[in-house]
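Here is the structure we will look at.
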Amino acid sequence: MKYYIQALKKYAVFNGRSRRSEYWFFVLFNVIALVLAAILDNLLGTAIEGIGYGAFYIIYSLAVILPSLGLLIRRLHDTGRSGFWFFISLIPLIGGIILLVFLVQDSQADENQYGQNPKLA
């Protein structure tokens, strides 16, 4: 949970590095929150017909776009790549797989152009 709060505190920080665990725990809690928001929308009847999502889901999704993007870019920095590698995900199928491989890789051991290794800090 601390990684989720930490990512929200760095709301629009796009420089520096983020550990693999920080990224994946944020993703886990984000998915859980999205599922809960979708369930809440359906229970309260705010879900849009045919979609299954509603106001709570949309508001939460919009609220976490910048923290998610910032964390993704910091994670790419941790592997020694520019944040522009995010755009590889626009290539159908293969782009998402390549980005996933980048995101699961371990940190660069030493300091790189984006900062000190967060494991050592």
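No lab work stands behind these numbers, since they all come straight from the coordinates. None of these values were measured; they are calculated from a predicted model. FYI the Cβ positions are ideal-geometry reconstructions off the backbone, even for glycines, and counts take in every protein chain you see.
Table for the structure above
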| read-out | value |
| --- | --- |
| Cut-off under 5 Å, modelled amide H: who pairs with residue 112 long-range | 117 |
| Pairs of Cα atoms farther than 16 Å apart, the stretch 73-121, % | 37 |
| Whole-number Å³ per residue for the convex hull built on Cα positions in the stretch 1-102 | 105 |
| Cα-only radius of gyration and Dmax that characterise the stretch 1-50, units Å | 14.4, 42 |
| Label point at residue 6 placed 7 Å out along Cα→Cβ; residues across the stretch 82-121 whose backbone nitrogen lies under 19 Å | 103-112, 114-121 |
| Point-to-point label distance, residue 14-residue 49, nm (Cα→Cβ direction, 7 Å offset) | 4.1 |
| Exposure proxy ranking, count of Cβ atoms within 10 Å, fewest first, for 89, 82 | 82, 89 |
| Residues whose placed amide H lies under 5 Å from that of residue 54, excluding near-sequence neighbours | 48 |
| Restricting the stretch 62-119 to trypsin sites (Lys or Arg not before Pro) in coil, as DSSP defines it, with at most 15 other Cβ within 10 Å | 119 |
| Difference of contour (0.36 nm per residue) and Cα-Cα distance, residue 111 to residue 39 | 21.6 nm |
| Cα long-axis angle, helix 20-44 against the chain (0 to 90 degrees, to the nearest 10) | 10 |
